[in-house]
Amino acid sequence: MTTIGKWEPELKRAILLLAIMAAALPAMAAEPAPLPGCAAAIAYSDAHDGVALLILEDGKIRCRSADITTPRELWSGTKSLVGLMAAAAVQDGLLTLDERASETLGEWKSDPEKAQITLRQLLSMTGGQGSTVGRPKGYQESVMAPLTASPGSKFQYGPAPMQIFGEIMRRKLEARGEDGNPRHYIERRILTPLGVTVGDWRNGPDGAPLMPQGLLLAASAWAKIGEFVRAAGQHEGKPLVDPAAFTALFKGSAANPAYGLTWWLPRRTPAGDPVTLSTDITDHPDDFPADMVVAAGAGNQRLYVIPSLRLTIVRQARLNLLALAAGRKGDWSDRQFLSMLLKPS
């Protein structure tokens, strides 16, 4: 046997090992390193009842906690899907944002104030409806409730406007001969195309799907919605919703510049607004990127989307019901959390 022949098996194994390593190099190079503030952000979130954290940069994972696949309650984070549903309905010719709700809710036509309420006002919480956070009534009961402010004059955060919009969508879809369930519409038009799997979606007292709360998503699923928003409402290079209506979702109202159509914005608000006390995003708006938009829920559930920084950030937490019932705000700070990621020391 020649010297070469003697070492032939070892040479083959060496060549095979080199080939395996070469094939693995692109994958290894494609895996980005964690963000500099990742560990600190996870520690801060965990110290405030956090259960999941996921951060994407350019769609790639740059920071994550151990469990990002368990569906969890979004609470009022559900509301932001109602805005996206409205933008899809505009594209489908079902509605316009500035049409009067009474065009669909015929029972409002005899009420001088209700007759003037637009869909834009409902979605911006300025339609005049008063309601208790966390205690949604059924669709029709919400429609029939009296106003507590003149339309357009006051920002009143609560479940009623979202439930009313659910009833409007139900009637519009059924008038077209389609399934009137708003949840099914959202899933068909937005969630399924984006590859989002719903963990659960609770119904209200009337058996209809809740529009202001009730959706359960995993952090990985909620991030897909964030990426869709970061892509300006486009999916696979095409608009999945009406572009103009999508843009309108992120413009505040005169009554509350920090709230668009179901999305929170880093803007200053009128002094003494009790709702914004649950977040300090509006206290120091200059500390945040101007294009940041936020879906927020009780217990400090958060979906932050920052297009200029190519970031989508999901944070989920346990809801402390005892503290909520006692009216305790807690010491969670969006400002402090995001500073760990945007301005790591």
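The values are calculated or read from the model by the stated rules, or taken from the named source; none is laboratory data. Just so you know, these numbers come straight off a predicted model, no measurement behind them. A quick note on method: Cβ atoms are made from the backbone with ideal geometry, for glycine too, and the neighbour counts reach across all protein chains shown.
At a glance:
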{"quantity": "Output for segment 65-110, where each listed residue is assigned to a strand (DSSP E or B) and free of Cβ contacts under 8 Å to residues at least 24 places away in the same chain", "calculated": "Arg100"}
{"quantity": "Residues located in segment 192-208, provided they are under 24 Å from Gly134 (Cβ atoms) and within 14 Å of the chain's Cα centre (by Cα)", "calculated": "Val198"}
{"quantity": "Candidates Ala255, Ala248, Ala231, Ala296, filtered to the one that is surrounded by 16 or more Cβ atoms within 10 Å (Cβ to Cβ) and touching a helix residue (DSSP H, G or I) at 6+ places or on another chain (Cβ under 7 Å)", "calculated": "Ala296"}
{"quantity": "Any hit, segment 79-99, residues being in contact with a Pro (Cβ under 6 Å, 6 or more places away or on another chain) and not basic (Lys, Arg)", "calculated": "no"}
{"quantity": "Cross-chain or 6+ apart pairs with Cβ under 8 Å, segment 306-319 first and surrounded by fewer than 17 Cβ atoms within 10 Å (Cβ to Cβ), then among the basic types (Lys, Arg) and modelled with pLDDT of 95 or more", "calculated": "Pro307/Arg230; Arg310/Arg230"}
{"quantity": "Residues of segment 201-211 satisfying the condition of being of a type outside the set (A, V, I, L, M, F, W, C), in contact with a strand residue (DSSP E or B) (Cβ under 6 Å, 6 or more places away or on another chain) and either within 14 Å of Leu81 (Cβ to Cβ) or in a loop (DSSP other than H, G, I, E, B) (or both)", "calculated": "Pro209"}
{"quantity": "Hits in segment 70-125 - residues which are among the β-branched types (Val, Ile, Thr), over 17 Å from Gly158 (Cβ atoms) and in contact with a Ser or Thr (Cβ under 8 Å, 6 or more places away or on another chain)", "calculated": "Val90"}
{"quantity": "Members of segment 15-42 found to be among the small types (Gly, Ala, Ser) and either in contact with a strand residue (DSSP E or B) (Cβ under 9 Å, 6 or more places away or on another chain) or modelled with pLDDT under 95 (or both), listed by number", "calculated": "Ala19, Ala22, Ala23, Ala24, Ala27, Ala29, Ala30, Ala33, Gly37, Ala39, Ala41"}
{"quantity": "Lone unmet requirement of (1) part of a helix (DSSP H, G or I); (2) surrounded by 16 or more Cβ atoms within 10 Å (Cβ to Cβ) for Thr282", "calculated": "(1)"}
{"quantity": "Residues of segment 126-136 that turn out to be surrounded by fewer than 19 Cβ atoms within 10 Å (Cβ to Cβ) and either in contact with a helix residue (DSSP H, G or I) (Cβ under 7 Å, 6 or more places away or on another chain) or of a type outside the set (A, V, I, L, M, F, W, C) (or both), as a count", "calculated": "4"}
{"quantity": "Tally, over segment 70-95, of residues that are touching a strand residue (DSSP E or B) at 6+ places or on another chain (Cβ under 9 Å) and either over 18 Å from Ala231 (Cα atoms) or at pLDDT below 95 (or both)", "calculated": "10"}
